[in-house]
Amino acid sequence: MLYVKEVLKPTEFHTSNKYGEHVWCSIGDLLVGVCYRSSNLTIVGHDNETNLKKVLQEVSNKHVLILGDFNYPDVDWLTYTASPGSSMGCVDFIQTIEDCFYTQHVHQPTRGTSILDLILSSDPDLVSNVQVLCHLGNSDHNMLTFTVHHEYKCPLNIRTIRNFHKGDYDSIRKELSAVNWDTLLSGNMEVCWNKFKYLLFELVNKYVPATKSYDNGRMKKTDLDES
């Protein structure tokens, strides 16, 4: 799963490849994806690694951040080499990372003594401050926190607010003085409160002018968590 704050205005993104375990969104010009590679070929099929490779190749020409559990324990990510006796799928995965010019940012174990959870980016300066924390709940994987350096101008947010300094309070008082309160406030407490609240809202809408508030903030740095 991929959770993104609403203020960042994410949009769903779909790759053309039909790899099973991945989800993507765009935040401005940054493409963010979460992938999981199962090692159970009975479930995912023998073409699973090939499809994952195709997905990584497909998005490699974009400004991209890729997170997830790739289940390759036999990789030395300081040298980008596989341990002797590693599967051809593992070797091919490393070659794909290099061919796509991705940077892998996790260099501490995330499960036992293995680095299974990765942070890949097309820009080596996109990610910093990577920390491996404790595991979450009953999971045997450790959580990762890191900082993403991405400047993104949020879309213009227009809000309607009331200018209470210019309200016509004489007219509000006049209308309130004409209310038959015995009739209005009949019924139980919740009914009375709702009728009174509705009356006040109607008067505010009628006698307090509305103005537009424009929020055009800029996000310069975003913290993302992946576990």
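Taken together, the values in this text are just the output of simple stated rules run on the coordinates, not laboratory data. Just so it is clear, the model here is predicted, and its values are computed rather than measured. Positions of Cβ are backbone-derived with ideal geometry, glycine not excepted, and every protein chain shown enters the neighbour counts.
With respect to the chain, whose longest principal axis is taken over its alpha-carbon atoms, helix 48-58 is tilted by about 60°. Under a straight-distance cross-link criterion of Cα-Cα below 17 Å, which aspartates and glutamates are reachable from Lys18, leaving out those fewer than 8 residues away in the same chain? Excluding near neighbours in sequence, the set is Asp47, Glu49, Glu58. Each of His63 and Ser171 was given a label point 7 Å from its Cα along the Cα-to-Cβ line. The distance between the two points is 4.9 nm. Of the chymotrypsin sites (Phe, Trp or Tyr not before Pro) found in the stretch 96-187, the ones in coil according to DSSP and having at most 16 other Cβ atoms within 10 Å of their Cβ are Phe101. Note on Arg111 and Arg162: the extension gain reaches 13.0 nm, defined as 0.36 nm multiplied by sequence separation minus the Cα-Cα distance. Here the stretch 164-208 has an Rg and Dmax of 11.6, 35 Å, counting Cα atoms alone. Placing one equal scatterer on every Cα of the stretch 1-93 and applying the Debye formula, the log10 ratio I(q)/I(0) at q = 0.12, 0.18, 0.22 Å⁻¹ is -0.43, -0.89, -1.17. For the pair Lys153 and Asp125 in one chain, pulling the backbone fully straight at 0.36 nm per residue adds 8.2 nm over the alpha carbon distance.
My understanding is that a pair violates if its Cα-Cα distance is over 31 Å; which of Lys5/Lys212; Lys9/Lys166; Lys153/Lys195; Lys5/Lys62; Lys9/Lys197 do that in this structure?
Exceeds cut-off: Lys9/Lys166; Lys153/Lys195; Lys9/Lys197.
Values of log10 I(q)/I(0) for the chain across q = 0.08, 0.12, 0.16, 0.18 Å⁻¹ run -0.49, -0.72, -1.11, -1.36, by the Debye formula with one identical scatterer at each alpha carbon and no solvent. Between the stretch 155-204 and the stretch 30-67, the alpha-carbon centres lie 56 Å apart.
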